[in-house]
Amino acid sequence: MSTRQQVLVLYLATSALDSETVGWSRYDGTARTSPTTGDGDEPPYKSGVHALEDGWRLFQAAQLIPPYPGHEYDVSFLKHEFFFEKLVEVDAGDGTARTESSR
Amino acid sequence: MADIPLLSSVEMAGFVAHGSLRLDAVVPPDMNEEGIEVLRNGVPGVPYGSSVQDAYPDGSFVRRLIELPAVAGALYSLVGPGPSVDHHAVHVRYPHEGQAQPLHGDAIIDVRTDAFDVQLMYYPQDVTPDMGGTLSVPGSHLRRTNESDTGRYQNLRGQSRLVCPAGTVVFLHHGLWHGGRRNDSDVERYMFKIRFNPTVRQRRLWDTSDLHDPRVAENLSAHFPWYEHATARLEIYNRVLLWRALTGDDSFDLEHWVTRVANRPQKEVA
């Protein structure tokens with residue numbers, strides 16, 4: 001048995017963890033699923049707090065950085081990015097997921 | 001230009017907000033059958049900046065495609081007469097591809113605020129949900145991001161996963177985030193893209209007889225579900241600036257936002 005990481009990224013409507021999800025990405029270190037761009041219409045969780053309630057562990061949130069002078073009206077990347085993980089036990093041989101240690 | 005159907009102001013305002021314009025099934029079935037064969041055989045490249053006449057000889061498939069009245073009218077309204085062909089490409093998404101394209105904008109970051117290129121995308125066959133139709137993100141075209149730096153974003157609320165009838169043509173603003181989705185079907189999916197550069201100032205090129213229709217402001221005020229609350233206001237602010245550039249009307253505003261932050265009264269107190 002060994003441990004693999006599943007990663008969930010939620011983009012939220014404000015800098016608050018309990019604001020609503022506007023975008024999302026998933027990466028699966030167990031290789032059992034292959035999430036990719038444009039593969040769904042509904043977010044997995046309504047907010048960051050809903051992800052916590054389902055056992056995801058937050059490990060990074062975007063810093064709040066003031067706009068550079070002269071660029072106050074520029075729009076660019078999504079600002080409110082939150083990274084979550086779940087740690088999953090897998091068989092070393094075939095990568096089959098066994099348990100989710102964060103639940 | 002009386003013989004081609006120009007876009008209305010309401011439609012142009014929709015393009016300024018969404019960054020795209022979709023024309024369903026505007027190419028007739030016999031041309032679509034021919035189009036699939038043309039795309040299977042490939043379309044040779046042309047030098048950057050070619051005229052339409054030089055790039056696509058009179059009577060050729062591509063020339064007939066862009067001379068269809070609905071296509072020609074939209075193209076004229078968006079970039080005006082005599083646009084240059086920047087480049088073109090046949091895109092094929094193969095059956096059961098494992099990966100989608102990452103979300104991206106084409107070329108390098110392009111920050112023009114008073115001009116834009118359009119990308120014509122033509123779909124010669126019906127595109128079903130599992131065929132990996134083009135993903136695009138409404139309202140993303142004014143964001144200053146470079147090429148595939150947006151590849152981290154897999155899904156955004158309100159994204160468009162194209163499903164369309166054969167013969168559909170979509171025009172995209174050059175900055176719109178998009179990508180070919182994973183094709184989970186048994187069918188090869190074809191798309192032909194041409195990027196056009198304007199050669200005239202893009203000002204009031206469409207049918208402006210409805211310029212003061214209230215639906216213009218409604219369309220320009222569109223909100224998309226993936227916008228963060230605060231940035232959504234900046235998107236509308238930037239749309240006002242683009243609409244001012246396209247119409248030449250520097251008094252146009254929505255919610256008084258541009259007027260308010262530009263206010264520098266010069267009158268002295270007596």
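The values are calculated or read from the model by the stated rules, or taken from the named source; none is laboratory data. None of these values were measured; they are calculated from a predicted model. Cβ atoms come from the backbone with ideal geometry, glycine included; neighbour counts cover every protein chain shown.
Using the structure shown, decide if B:G42 is on the phi > 0 side of the Ramachandran plot and either polar (S, T, N, Q) or surrounded by fewer than 18 Cβ atoms within 10 Å (Cβ to Cβ) (or both).
yes
Does B:R152 satisfy the criteria of being facing chain A (nearest Cβ under 8 Å) and surrounded by fewer than 19 Cβ atoms within 10 Å (Cβ to Cβ)?
yes
Considering only the stretch A:69-77, I want to know if a residue exists there that is among the aliphatic types (A, V, I, L, M), assigned to a strand (DSSP E or B) and modelled with pLDDT of 95 or more.
So far as the stretch A:69-77 goes, no, none of its residues is among the aliphatic types (A, V, I, L, M), assigned to a strand (DSSP E or B) and modelled with pLDDT of 95 or more.
Taking the stretch B:103-147 as the search range and keeping residues that are of a type in the set (S, T, Y) and surrounded by 15 or more Cβ atoms within 10 Å (Cβ to Cβ), which one is farthest from the chain's Cα centre (by Cα)?
Among them, the one singled out is B:T145.
Every residue in the stretch B:224-252 that is without any contact (Cβ under 8 Å) to a residue 24 or more places away in the chain and closer than 13 Å to B:A13 by Cα, please.
Matches in the stretch B:224-252: B:I236, B:V240, B:R244, B:F252.
Name the pairs: first residue in the stretch A:33-60 and within 13 Å of chain B (Cβ to nearest Cβ), second residue surrounded by fewer than 16 Cβ atoms within 10 Å (Cβ to Cβ), Cβ to Cβ under 6 Å, at least 6 apart or on different chains?
Sorted first by the residue in the stretch A:33-60, then by its partner, the pairs are A:T36/B:Q99; A:S47/A:D18.
Residue-by-condition table, conditions (1) under 17 Å from A:W56 (Cα atoms); (2) in contact with an Asp or Glu (Cβ under 8 Å, 6 or more places away or on another chain):
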residue: A:Y11; (1), (2): yes, yes
residue: A:T21; (1), (2): yes, no
residue: A:R26; (1), (2): yes, no
residue: A:E42; (1), (2): no, no
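Go through the stretch B:91-112 residue by residue and tally those that are touching a His at 6+ places or on another chain (Cβ under 9 Å) and within 12 Å of chain A (Cβ to nearest Cβ).
4
Go through (1) within 14 Å of another protein chain (Cβ to nearest Cβ); (2) farther than 30 Å from B:D207 by Cβ; (3) in contact with a His (Cβ under 7 Å, 6 or more places away or on another chain) for B:Y48 and report which single condition fails.
Going through (1) within 14 Å of another protein chain (Cβ to nearest Cβ); (2) farther than 30 Å from B:D207 by Cβ; (3) in contact with a His (Cβ under 7 Å, 6 or more places away or on another chain) one by one, B:Y48 breaks only (1).
Which one is nearest to A:F77 (Cα to Cα), of the residues in the stretch A:30-65 that are among the small types (G, A, S) and assigned to a strand (DSSP E or B)?
Ranking the qualifying residues of the stretch A:30-65, first place goes to A:A61.
With (1) within 27 Å of B:E228 (Cα to Cα); (2) more than 18 Å from the chain's Cα centre (by Cα) as the list, and B:Y94 as the residue in question, which single condition is left unmet?
With (1) within 27 Å of B:E228 (Cα to Cα); (2) more than 18 Å from the chain's Cα centre (by Cα) applied to B:Y94, the lone miss is (1).
Can you spot a residue in the stretch B:27-45 that is farther than 21 Å from B:A107 by Cβ, within 18 Å of the chain's Cα centre (by Cα), outside any strand (DSSP E or B) and touching a residue at least 60 places away in the same chain (Cβ under 8 Å)?
yes
Just name the residue that is surrounded by the most Cβ atoms within 10 Å (Cβ to Cβ) out of those in the stretch B:179-203 that are hydroxyl-bearing (S, T, Y) and closer than 21 Å to B:G45 by Cα.
B:Y190
Just for the stretch A:71-89: of the residues that are of a type outside the set (A, V, I, L, M) and more than 13 Å from every other protein chain (Cβ to nearest Cβ), which one is surrounded by the fewest Cβ atoms within 10 Å (Cβ to Cβ)?
Per the stated criteria, the residue is A:E89.
How many of the residues making up the stretch B:208-224 are crowded, with 17+ Cβ neighbours inside 10 Å and within 14 Å of chain A (Cβ to nearest Cβ)?
1
Within the stretch A:10-17, identify whether any single residue is within 8 Å of chain B (Cβ to nearest Cβ), out of contact with any Cys (no Cβ under 7 Å at 6 or more places or on another chain) and surrounded by fewer than 17 Cβ atoms within 10 Å (Cβ to Cβ), and answer yes or no.
Looking through the stretch A:10-17, at least one residue is within 8 Å of chain B (Cβ to nearest Cβ), out of contact with any Cys (no Cβ under 7 Å at 6 or more places or on another chain) and surrounded by fewer than 17 Cβ atoms within 10 Å (Cβ to Cβ).
Taking the stretch B:225-243 as the region of interest, how many residues are in a helix (DSSP H, G or I) and at the interface with chain A (Cβ under 10 Å from one of its Cβ atoms)?
Matching residues across the stretch B:225-243 total 10.
What's the number of the condition B:D3 fails, among (1) over 30 Å from B:H212 (Cβ atoms); (2) modelled with pLDDT under 95?
In the conditions (1) over 30 Å from B:H212 (Cβ atoms); (2) modelled with pLDDT under 95, B:D3 misses (1) alone.
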